[in-house]
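Before any comments, here is the structure.
What follows draws every value from the coordinates through simple rules; no lab data is involved. Remember, it's a predicted structure, so these values are computed and weren't measured experimentally. Neighbour counts are summed over all protein chains in view; Cβ atoms, including those assigned to glycine, are modelled from backbone coordinates with ideal geometry.
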Amino acid sequence: MGRREEEYVTNPEHFALVVIGAGSAGKYVAQDAAESGWRVALVESGRVGGECPYVSCMPSKALLREARERRSGNRPGSGTRAWAQAIAHRDAVASGRDDGSAAAAVTASGVQIIRGYGRLVGPRRVRVTLADGAVRDLTADHLLISTGSKPVVPSVDGLDDVEVWTSDRLLSDDVLPASLLILGAGAVGCELAQVYSAYGTDVTLVESADAVLPQEDPIVSHALQQVLDAGGVRVVLGAEAVHAATVSGGVELRLADGRQIQADRLLAAVGRRPNVRGLGLHHLGLRDDEAIPVDARNRVRGAENVYAAGDVVDIGAFTHVADYHARIVLAELGVSGRRRDRDDRAIPRVVYTEPPLAAVGLTARSARDQHIDIVSHVGQIDETARAAAEGDGPLGKAGAHGGLVIVHADRRTGELVGAAAIGPGADSWLGEIAVAIRARIPVTTLMDVVHAFPTWSEVLSGAYAALGEELA
Ligand SMILES: Cc1cc2nc3c(=O)[nH]c(=O)nc-3n(C[C@H](O)[C@H](O)[C@H](O)COP(=O)(O)OP(=O)(O)OC[C@H]3O[C@@H](n4cnc5c(N)ncnc54)[C@H](O)[C@@H]3O)c2cc1C
């Protein structure tokens, strides 16, 4: 018996790896490590699988699919009936928000799931408070913190006294409100605005910046705004909410310019913050009100054998980022894959509206902030043969095949540094640009890439050619 095994026998609460948070990042690492023979404890206070399968990505994508079908006439009948069908699809996709089969698969891989709230009581000591109030004290050779994020409720006068909905709650609720006020036109706000408006809800999307998706290139943000407008969403930009109050049957929001908006429901979609409060991070010398600082191998700065992954480190709150962090940590632990630094240059950002908006790498503004001299080109999707074959139409109308892509190349290196697109299938074909950025493929080589005819991705052939001319 090795030293480690002896330790496990004498102390059954000692593990090779303790993971706090069984979401996309934590579940992945725990399962792979256990399958490689590690003794693993996975501490989870909610559902095994975290947010994505039950209350975020999957139910929202299921509803967006139904909304798309409804807009294109494939879900006829009254809004209420079609909504009931959409909710049934959403709940089936989200496994009825039941984590039973996910938990069974994790347990089958050899992980010990401990259902309770975990917090640090020492650098690699975790105290878990179980549902019945009992406590378990775990120690670990290695610790992973993957506790995700929480929605931010903006500080607006009076908001504490009104009922504020978050996306988790809305995506678990069956009611189709007559009107919905969404604060924040980021990915979550835009997606849910499009869902509810498809079923006849009167949706107002209020954003303090002067564009929807204000972090993206203005040309795609503006195109998405047109799509939302055309779908009946009232988009109010540059609007500062100053006061909220409960009124009969709903909520009233007053804006700084004096306008008042009333709705049955108020959804706060102004962003999320890392879930760190109460975790006892001071035992690692860290603050409990900001993202966990990690190096390029997801090692927590200043703490030995402690890692953090996913939303809690706040480097792009996406499931594919959580998965990427998990792969980096698994390599670092020596479980699987080559040890390497993370590369954050080519992380895709997608909004699954119809049509989808996808972006990767830098925007013109972030390139400028980094003092990178770029050349850019805008390509129009309705100039592709595919758009002609599918039947043309202005962006935003049901059945339309318009859209655009903007690509940015570094003038000095001749390589792509970023792109954004809105249009049919953009969420998939923009992946090509993620590869180009990650692999630093020169534009001169990209100009030689053959895109199948007639595909949406042919818009990239024209864009690469135009960039090539500029760079020559
Ligand atoms: C509406 C919405 C739609 C989205 N759609 C997409 C999408 O289409 N594509 C995409 O890539 N991303 C999407 N995201 C983002 C995605 O959901 C997150 O980036 C992803 O789930 C993060 O995974 P994670 O492992 O970091 O955290 P989570 O999945 O949140 O897991 C963290 C887990 O830790 C547990 N936990 C927290 N604290 C403790 C504690 N102290 N003790 C024990 N357990 C604890 C929580 O209960 C939770 O289960 C969406 C988000 C929202 C809100």
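Some observations on this one:
- Normalised by 2.2 N^0.38 Å, where N is the number of residues, the C-alpha radius of gyration of the stretch 317-472 stands at 1.11.
- Taking other C-beta atoms within 10 angstrom as a stand-in for reagent exposure, Thr107, Thr166 fall in the order Thr107, Thr166, fewest first.
- In loop segments of the stretch 206-300 as defined by DSSP, the GluC sites (Glu not before Pro) with at most 15 further C-beta atoms inside 10 Å of their C-beta are Glu240, Glu290.
- Per the Cα gyration tensor, the stretch 1-133 maps to an equivalent ellipsoid with semi-axes of 41, 14, 11 Å, ordered largest to smallest.
- Percent of C-alpha pairs per 20 Å bin in the chain, short distances first: 22, 51, 25, 1.
- Near Glu66: Cβ cut-off under 15 Å, other residues only, Lys/Arg at +1 and Asp/Glu at -1. The net charge is +3.
- The stretch 1-68: radius of gyration over Cα atoms, expressed as a fraction of 2.2 N^0.38 Å: 1.56
- Taking the fewest neighbouring Cβ atoms within 10 Å as the starting point, the ordered list for Arg339, Arg39, Arg169 is Arg339, Arg169, Arg39.
- Lys150 paired with Glu163, simple spin-label distance in nm, labels 7 Å along Cα-to-beta-carbon: 2.2
- 25 Å tail of the calculated P(r), the stretch 88-194, as % of Cα pairs: 47
- Here is how the number arises for the chain: DSSP H runs of 4 or more residues each give -39500 (n - 2.57), the sum is divided by the residue count, and the result at 222 nm is -9000 deg cm²/dmol.
- If the chain linking Glu240 and Asn305 were pulled fully straight, counting 0.36 nm for each residue of separation and taking away their Cα-Cα distance, it would gain 19.0 nm.
- Share, in percent, of DSSP beta bridges within the stretch 1-142 that are antiparallel, nearest 5: 50
- For the stretch 259-326, the set of trypsin sites (Lys or Arg not before Pro) satisfying both a DSSP loop assignment and a count of at most 13 other C-beta atoms within 10 Å is given as Arg259, Arg277, Arg287, Arg301.
- Rounded to 5, percent antiparallel among DSSP beta bridges of the chain: 60
- Separation between Cα centres of the stretch 332-394 and the stretch 66-116, rounded to whole Å: 28
- In this simple spin-label approximation, Ala108 and Arg259 carry label points 7 Å from Cα along the Cα→Cβ vector, and these lie 5.3 nm apart.
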